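Trainee: Below is the structure I would like to discuss, written out as structure tokens.
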Amino acid sequence: MKKRVLSLMLATVMCMALAVTANAVEYDSSISRYYGTGNCSYTAYSALYADGGSRYRAATWVETMNGGNVAAGNMGANGRLYSASGTLLKDTGMMYNTSSYYFQVASISTAKSSPSGAYSWGEVDLYNGDHFVSDTLNKTEIVGAARALAYQLDDGNYPVSDKGKTYGSALLSEIVGHEPDLISAVGTDGQAGYVKYEDVKKPEIENPSEAVSYMQDRLETYTVPLYDLQEEVIGEFEIGCAMDVTGYSLEEAKEMVNLGERAGSVLSVEQTSLINGNFPKNVRGETYGTALMAEVVGEMPDLQAAIGTNDQEGYVRTSDLSHPKFETPQDALEWQKTQPDSYYIPLYDFQGNEIGSFLRERNNLTIAEMEAMKG
């Protein structure tokens, strides 16, 4: 299996958690699957993110082979996280691209604890220009445990409940050939149970228009019943929790998914990198970075790193820090009289979204006070 650790110093890093000193370890499924021909060719794989402390996340990635955009509704991905014993822990549900783009990811952003280990096993729904191709991808290795699951089968088949329904881990479908009627799952309150296959299977989608319509109507997060083997409802299983990476580049999205719920909106001094000697740019085309880097670039970025009023790290606009150009000292003094002793300006994340405030304070010192400071 392929294992990789994404570097904090990637030149294209766009999203980092400031309190984090190391990224998650990412485990890819050993082989990517390839689909379609020509402009409708895709590659896809499952990915598992080990956040430490027996906490895991999963994602399913789809990319066009030529890096070109495909129309909305052409790519669907579902990220699924399983415990080492094959219990479904989290499921994003099928997520289709809602605008023309060159990749799609269904990523679970909030890590789930699984002491026995976990793996990711995604599925895709891809339009090849004529119809959708649906497939279950290769799963990642089971990280944190190597427990076999065959003991759960009865002569190579799923056991059957008193109500005549097959039940067990979806992982065993590799042996049996299909998923059980009742899939082992963990509910929102941590209770063990089962979800019905019909409640978590992908929707019946015939064309990209239906895929887009489905995404428009679909709730961001929703629940389905969690059952016991008598099919009595004992709780709920959540579907959704997918990270929104709309508008980000593939490199940005991969870094965001790698960080998951820890993904902050800003970069610290140590984590910000120049790209070919220039500041990186956000999706709005604004440059961002630290004032320290301006010594290298030769100018200040549009957004410069700052600490907000609640000690959160972010960025302030250089334009908000600037002042008018004055013709004479008198003009400057007159302007200064109009300025308050302290005031707030917005604090932004690196994408230019407002996340807080930054306090600007003026010290109107007397000559004596200034002289005292000098002494």
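Trainee: Being under 22 Å from A192 (Cβ atoms) and at pLDDT 85 or above narrows it down to one residue among D154, D125, D135, D162; which is it?
Mentor: Values: D154 fails: at pLDDT 85 or above; D125 fails: under 22 Å from A192 (Cβ atoms); D135 fails: under 22 Å from A192 (Cβ atoms).
Every option except D162 fails the conditions.
Trainee: Which one of these does Y158 not meet: (1) in the same structural domain as N69 (by TED's automatic domain parsing); (2) crowded, with 21+ Cβ neighbours inside 10 Å; (3) of a type in the set (S, T, Y)?
Mentor: Every listed condition holds for Y158 apart from (1).
Trainee: Would you pick out the residues in segment 237-259 that are more than 22 Å from T98 (Cβ to Cβ) and at pLDDT below 80?
Mentor: Taking segment 237-259 as the starting set, the residues that turn out to be more than 22 Å from T98 (Cβ to Cβ) are 237, 258-259.
Of everything in segment 237-259, those that are more than 22 Å from T98 (Cβ to Cβ) and at pLDDT below 80 turn out to be N258, L259.
Trainee: S184 - would you say it is assigned to a strand (DSSP E or B) and either outside the structural domain of V133 (by TED's automatic domain parsing) or hydroxyl-bearing (S, T, Y) (or both)? Spell out how you get there, then give the answer.
Mentor: Working: assigned to a strand (DSSP E or B): yes; either outside the structural domain of V133 (by TED's automatic domain parsing) or hydroxyl-bearing (S, T, Y) (or both): yes.
Yes, satisfied.
Trainee: Which ranges mark the strands (runs of 3 or more DSSP E) fully within segment 280-375 that have 3 or more residues being modelled with pLDDT of 80 or more and among the aromatic types (F, W, Y)?
Mentor: Numbers: elements: 303-307, 313-317, 342-348, 354-361.
Passing ranges, in order: 342-348.
Trainee: Something else about it: Please name all residue pairs, on different chains or six or more residues apart, with Cβ atoms under 7 Å, provided the first residue is in segment 210-234 and is on the phi < 0 side of the Ramachandran plot and the second residue is assigned to a helix (DSSP H, G or I) and among the aliphatic types (A, V, I, L, M).
Mentor: Note: pairs meeting the criteria are V224/V200.
Trainee: Further question: Can you name the number of the only condition in (1) assigned to a loop (DSSP other than H, G, I, E, B); (2) without any contact (Cβ under 8 Å) to a residue 24 or more places away in the chain; (3) out of contact with any strand residue (DSSP E or B) (no Cβ under 9 Å at 6 or more places or on another chain) that E198 fails?
Mentor: So the condition that E198 fails would be (1).
Trainee: How many residues are over 22 Å from D217 (Cβ atoms), surrounded by fewer than 21 Cβ atoms within 10 Å (Cβ to Cβ) and in contact with a strand residue (DSSP E or B) (Cβ under 9 Å, 6 or more places away or on another chain) when one looks only at segment 68-83?
Mentor: 1
Trainee: Now, a different point. Is it the case that G122 is of a type in the set (G, A, S) and surrounded by fewer than 24 Cβ atoms within 10 Å (Cβ to Cβ)?
Mentor: Taking the combined requirement at face value, the residue does not satisfy it.
For every residue, the table says whether it meets (1) more than 25 Å from N278 (Cα to Cα); (2) surrounded by 13 or more Cβ atoms within 10 Å (Cβ to Cβ).
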{"residue": "V296", "(1), (2)": "no, no"}
{"residue": "Q304", "(1), (2)": "no, yes"}
{"residue": "G314", "(1), (2)": "no, yes"}
{"residue": "T318", "(1), (2)": "no, yes"}
{"residue": "W335", "(1), (2)": "yes, no"}
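Trainee: Still on this model: Which one of these does I205 not meet: (1) of a type in the set (V, I, T); (2) within 30 Å of Y27 (Cβ to Cβ); (3) out of contact with any helix residue (DSSP H, G or I) (no Cβ under 6 Å at 6 or more places or on another chain); (4) touching a residue at least 60 places away in the same chain (Cβ under 8 Å)?
Mentor: Going through the list (1) of a type in the set (V, I, T); (2) within 30 Å of Y27 (Cβ to Cβ); (3) out of contact with any helix residue (DSSP H, G or I) (no Cβ under 6 Å at 6 or more places or on another chain); (4) touching a residue at least 60 places away in the same chain (Cβ under 8 Å), I205 breaks only (3).
Trainee: Step by step: first the residues of segment 78-131, then only those that are touching a Phe, Trp or Tyr at 6+ places or on another chain (Cβ under 8 Å) and of a type in the set (K, R), then the one that is nearest to S209 (Cα to Cα). Which residue is that?
Mentor: The residue in question is R80.
Trainee: Another question about this same structure. Assuming L88 fulfils every condition listed in (1) free of Cβ contacts under 8 Å to residues at least 60 places away in the same chain; (2) more than 19 Å from the chain's Cα centre (by Cα) apart from one, which condition is it?
Mentor: If we test L88 against (1) free of Cβ contacts under 8 Å to residues at least 60 places away in the same chain; (2) more than 19 Å from the chain's Cα centre (by Cα), just (1) comes out false.
The values are calculated or read from the model by the stated rules, or taken from the named source; none is laboratory data. Everything numeric here is computed off the predicted structure, so don't read it as measured data. Neighbour counts run over all protein chains shown; Cβ positions are idealised from the backbone, glycine included.
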